[in-house]
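What follows is a set of notes on a single structure, which appears directly below.
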Amino acid sequence: MKDLVIAGSGPAGLSAAVYASNAMLDFVVIEKFPMSGGQMLNTYDINNYLGFESIDGFSLGQTFRKHAEKQGAEFINDEIVRLEKIDGGYRIVCNKAEFEAKAVIYALGANPRKLGVKGEKELAGRGVSYCATCDGNFFRGKKTAVIGGGDVALEDALYLANICEEVYLIHRRDEFRAARYLVDKAEKNDKIKILRSTQAEEILGENKVQGLKLTNGADLDVDGVFIAVGVEANTGLVTDLCELENGFVKADESGTTSAEGFFAAGDVRTKRLRQISTAVSDGANAVHSVEEFLYR
């Protein structure tokens, strides 16, 4: 039985691998994809991670992976299909093998919920973004659209209004789900054009976003489309294992969950800000919690 299994090798899992190596724990990292990095792999340019003025997500992910490997982390390329609580720990069942560990750090992340409209997939990373704070700076002085009606969508629109020439806020319903104070701020912002009871039908452009077609037949001339219709955490394996909150593993900064010896890190857990920097922090905190659990 190993001390620890780290499930996932996005920035949270890779950070956990470095810290677990330094703690001299007996552990493995299980990742179903051949490349590490999680959602970073789909990011064309990252300019807000400390120490890197500009780097593509693939390169940053491989930099993280090489660091963890140099520290001695062992990686298993396999998909976890079942997690079970057993006496003294957990059984992690994969397609090709299974492992037992005293503790688990669950860092399988979350994926942005897609609109499912034409052009979205083709132009992802070429003007279509799911993170305004990550990519907004690339659209400084340009026209953008934000699609969504919750807190994140309103916050994105307000953030982009500080740097963009004009921001269209598009919501399929007449009333926003967001907090009232956010709606009030957006309504009072001259740079934000609110389009209620409106949906996007198609994202226009060939090699980059050039516009947005709406269901009412109108076309918007925009350079960027920010989709903020929620994220879906990868929690299908743990619905009966630990407490969830709004579809995310309920855990604070320590990574501690309702299940003893089971810790969550990165986008999969309940948290306010989902960024590379906060995921890296989660990985470090989770390993610290694992050490306290193992050596209490």
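Output the number of the condition that ALA178 fails; it satisfies all remaining conditions of (1) surrounded by fewer than 15 Cβ atoms within 10 Å (Cβ to Cβ); (2) at pLDDT below 95; (3) outside the structural domain of HIS288 (by TED's automatic domain parsing).
(1) is the only condition that ALA178 fails.
Pull up the range 181-203, narrow it to residues that are assigned to a loop (DSSP other than H, G, I, E, B) and not acidic (Asp, Glu), then point me to the one that is surrounded by the most Cβ atoms within 10 Å (Cβ to Cβ). Spell out the reasoning first.
The first filter runs over the range 181-203 and keeps only residues assigned to a loop (DSSP other than H, G, I, E, B), leaving 189-191, 196-199.
Checking which are not acidic (Asp, Glu) leaves us with 189, 191, 196-199.
Working: ASN189: 16, LYS191: 15, ARG196: 13, SER197: 12, THR198: 19, GLN199: 15.
Looking at residues that are assigned to a loop (DSSP other than H, G, I, E, B) and not acidic (Asp, Glu), I get THR198.
Kindly provide the set of residues from the range 249-275 that are under 12 Å from the mean Cα position of the chain (by Cα) and within 14 Å of LEU108 (Cα to Cα), ordered by number.
Kept after step one, since they are under 12 Å from the mean Cα position of the chain (by Cα), are these residues of the range 249-275: 265-275.
Hits for the range 249-275 are ALA265, GLY266, ASP267, VAL268, ARG269, THR270, ARG274.
Pairs under 8 Å by beta carbon, first residue within 11 Å of LEU182 (Cβ to Cβ) in the range 138-161, partner surrounded by fewer than 24 Cβ atoms within 10 Å (Cβ to Cβ) and among the basic types (Lys, Arg), six or more apart or different chains?
GLY149/ARG172; GLY149/ARG173; GLY149/ARG177; GLY150/ARG177; ASP151/ARG177; LEU154/LYS185; LEU158/LYS185
Search the range 22-48 for residues being more than 19 Å from ARG126 (Cα to Cα) and of a type in the set (S, T, N, Q), and hand back the single one that is surrounded by the fewest Cβ atoms within 10 Å (Cβ to Cβ).
Filtering first and then ranking leaves ASN22.
Restricting to the range 125-181, name every residue that is within 14 Å of ASP223 (Cα to Cα), of a type in the set (S, T, N, Q) and out of contact with any strand residue (DSSP E or B) (no Cβ under 7 Å at 6 or more places or on another chain).
Within the range 125-181, ASN137 is the sole residue that qualifies.
Just the residues that are assigned by TED's automatic domain parsing to the domain that holds LYS143, free of Cβ contacts under 8 Å to residues at least 12 places away in the same chain and in a strand (DSSP E or B), please, taken from the range 204-245.
Within the range 204-245, GLY211 is the sole residue that qualifies.
Where residues in the range 253-293 are touching a strand residue (DSSP E or B) at 6+ places or on another chain (Cβ under 6 Å), part of a loop (DSSP other than H, G, I, E, B) and not aliphatic (A, V, I, L, M), which of them is farthest from ILE92 (Cα to Cα)?
Here the answer is THR270.
Hey, any hits in the range 4-21 for a residue that's free of Cβ contacts under 8 Å to residues at least 12 places away in the same chain, over 15 Å from the mean Cα position of the chain (by Cα) and either at negative phi or surrounded by fewer than 17 Cβ atoms within 10 Å (Cβ to Cβ) (or both)?
First, the residues of the range 4-21 that are free of Cβ contacts under 8 Å to residues at least 12 places away in the same chain: none.
Scanning the range 4-21 turns up no residue that is free of Cβ contacts under 8 Å to residues at least 12 places away in the same chain, over 15 Å from the mean Cα position of the chain (by Cα) and either at negative phi or surrounded by fewer than 17 Cβ atoms within 10 Å (Cβ to Cβ) (or both).
The values are calculated or read from the model by the stated rules, or taken from the named source; none is laboratory data. The model shown is predicted, which means the values in this text are computed figures rather than measured ones. Counting neighbours? That spans all protein chains shown, and the Cβs are built from the backbone with ideal geometry, glycine included.
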